[in-house]
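Everything on this sheet refers to the single structure shown next.
Please treat every number below as a calculation from the coordinates, not as lab data. Being a predicted model, the structure only gives us computed values, none of them experimental. Note that we place each Cβ from the backbone using ideal geometry, even for glycine, and neighbour counts take in every protein chain shown.
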Amino acid sequence: MRAGTRWIAGGTWMWLLGLVFAGHALAADSGEISGVVRAGGAPLPGVAVNATGPVARNATSDAQGAFRLTALPDGQYSLTFAKSGYLTQRRTLALKGGGTLKLVVELAPPAPAADRAAAVESAPAKSVDGLLMEEKRATSSRGDAGAGRVQPAPRPAAVAPAEEREAPPPAKARRARGGGGTLGVATGHGGPMPSRPRGGEDPRGNTEQYVSPGLNLWTDADKDALSTFAVDVDTGSYTIVRRKLREGGLPPPAAVRVEEFVNYFHYDYPAPTDLPFRVALEAAPSPFEKNLMLLRVGMKGMEAKAGVRKPLHLTFLVDTSGSMQAADKMGLVKRSLRFLVDQLGDQDTVALTTYAGSVREVLRPTGMRERARIHEAIEALSAGGSTAMGTGLELAYRQAWDNFKQGHENRVIVLSDGDANVGRTSHGDMLTSIAWYAQRGVTLSTIGFGRGNYKDHKMEQLANKGNGNYYYIDTFSEAKRVFGEKLSGTLQVIAKDVKIQVEFPPKAVKKYRLVGYENRDIADRDFRNDKVDAGEIGAGHTVTALYEVEVVNPRTAWAIARVRWKAPDGDRAEEREFAIDGSMMRESFARTSADTRRAVAAAALAENLRKSPFRESWTMQKARELAQSSLSRESPEELELMELIDRAAKLMR
């Protein structure tokens, strides 16, 4: 989107119009009309777009619903948007000064037969609260209030709600052939798994749901020498489990994602110099199995310069349904948002939308010079009613789209317990719409709260589609960590679609196993397919992956790591290769860095909590020994890891 574009929202038919004047110096025939056609919130391809006026132009919306009409002289244009199975939309617009007119057009299917006499006509634009709003009047031959109402568009056949699809097993989640090491059976991708609380949790009425990501087993290098996955910096699984352990109960195994345990902790990897991140490899004999090696692949993102970061334009979407009434939900949401607002600078803006039985725009994009007004809007939030998340997302994205600034960070932040229906939009359409906005620079993060009815999988899935982060906040201390010390990494992306592929040459490696990242698996052939979505890295973020490897020829480069990524606003990918060499090898695991020992300790805790078959060798006793030996600064998070290992070990007896 070009800088200076102003977006115009409103109307029964949900048209969003924007007009930008690039300056009088532009040629009179350099105007442009472009935008996107949608149905039910999802991009609609194959729409015929025709413009008549000083010149005639036509186009067809592509797979993303996008269209573009260029080289338009100034003047008045009549536009039609037509596709079989939908009501044709017509519009008359004026183009001046070689400007650009941006549109987001929502088509609707025909009304029922009795209502087909309904017609929609437009009234002149008028100013409302400082915005140009387009007023539309629906008229009907019957005079029914419901005539002309937009009905949800049918879902594209290729997109089905997640709950209706059977997820395929991860590419590496299979039994390996051949002896040696610990073998196990994959848990598979089961459906939503209700939490079975113990100890301090009341099992009555508990409707928490988690989805098992499966389990990576051994892979024979001579059958598949490549391991490919997307990076993941989410930490929601760790904080959910921390809460459960501190309340005296074990988590359901499906709630445990190993990589989110490992990536919760701080690692002192070397800082990058010429790239957005730096890769650090380290390997040593495994502390669990004599004939195996452990390989750590670490990445460190470039830190944001002190006092220098992109302006943030945040749209908070707060779940105010009845399920959010508890103090650890709405109370903690409000406290967390107030803290976040106090971390923002003069160049940042905040908007606030809520959803329950209906959606409400509480606060339009507001700068920090009106911080007190923002705090008042947050403090006035209260919970009550049912939930329609899909409709709330539509309004939040509309706010973010109105306030979009090219080159800045534009993000929607959902704060919820995830216990929601999606409203009139199907789950599949909602995910498609989220991905569409993410591709155009409006990302989405999800922040989870509460217990008893928490829907972990839904919150993680939304963030994955939105190219954002997924966090779970169980205490105000965690809120300060996410929105304070980790703010730049949480909200400022330095690289997107980041993929890692590790090659294990069969002449040097017999078999290998990636520990975790089951639901971030990417087909090997798609490593260089830049249309395949992957993960994002924020400023200062670290990413860590662990492999168990049976090496048969340690004198060669037995592991080669490749990383592929795009710039935050770019479409072209870059790639770098890093091969393991003697300087990265340690004679014993005791000689590895504290970073590696801490990562393996966290992974061992997760392996035991998810009841992995590998826990037979990755024991809790060994996890505690590694955590103890990794104490480098005796920071609260390092001591917390030892605390959680002790709590879990006691509950497992």
Could you pull out every residue, at least 5 positions away or on a different chain, whose amide H is within less than 5 Å of the one on residue 366? Hs are placed 1.01 Å off N in the peptide plane, and Pro or chain starts have none.
-> 350, 351
Report, by chain and number, residues whose modeled amide H sits under 5 Å from the one on residue 403, excluding near sequence neighbours (fewer than 5 apart, same chain).
-> none
Residue 246/residue 360 FRET efficiency (R0 41 Å; Cβ-Cβ; nearest 0.05) | 0.70
For segment 619-629, in order, what is each residue's ³J(HN,Hα) by Karplus, 6.51 cos²θ - 1.76 cosθ + 1.60 with θ = phi - 60°, in whole Hz (x at glycine and Pro)?
-> 6, 5, 4, 5, 4, 5, 4, 5, 4, 4, 6
When the Karplus curve 6.51 cos²θ - 1.76 cosθ + 1.60 is applied with θ = phi - 60°, which whole-Hz ³J(HN,Hα) does each residue of segment 482-497 get, with x for Gly and Pro?
-> 6, 9, x, 5, 9, 4, 4, x, 5, 10, 10, 7, 10, 7, 10, 6
Sequence-distant or interchain residues sharing an amide H contact under 5 Å with residue 69, placed H: which?
-> 33, 34
Please give the length that would be gained between residue 577 and residue 439 if that part of the chain were fully extended, namely 0.36 nm times their separation in residues minus their C-alpha to C-alpha distance (nm, one decimal).
-> 47.0 nm
Rounded, prolate or oblate: pick one for segment 312-486, where a ≥ b ≥ c are the square roots of the eigenvalues of its C-alpha gyration tensor, a/c under 1.5 means rounded, and failing that, prolate if a/b is larger than b/c, else oblate.
-> rounded
Obtain the nm distance between the two label points defined at residue 60 and residue 588 by a simple spin-label model: each point lies 7 Å from its Cα along the Cα-to-C-beta direction.
-> 7.0 nm
Contour minus Cα-Cα span, residue 275 to residue 650, at 0.36 nm per residue, comes to 130.5 nm
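Identify the trypsin sites (Lys or Arg not before Pro) of segment 303-381 meeting these criteria: DSSP loop state and at most 14 other C-beta atoms within 10 Å of the C-beta.
Those satisfying the criteria are 305.
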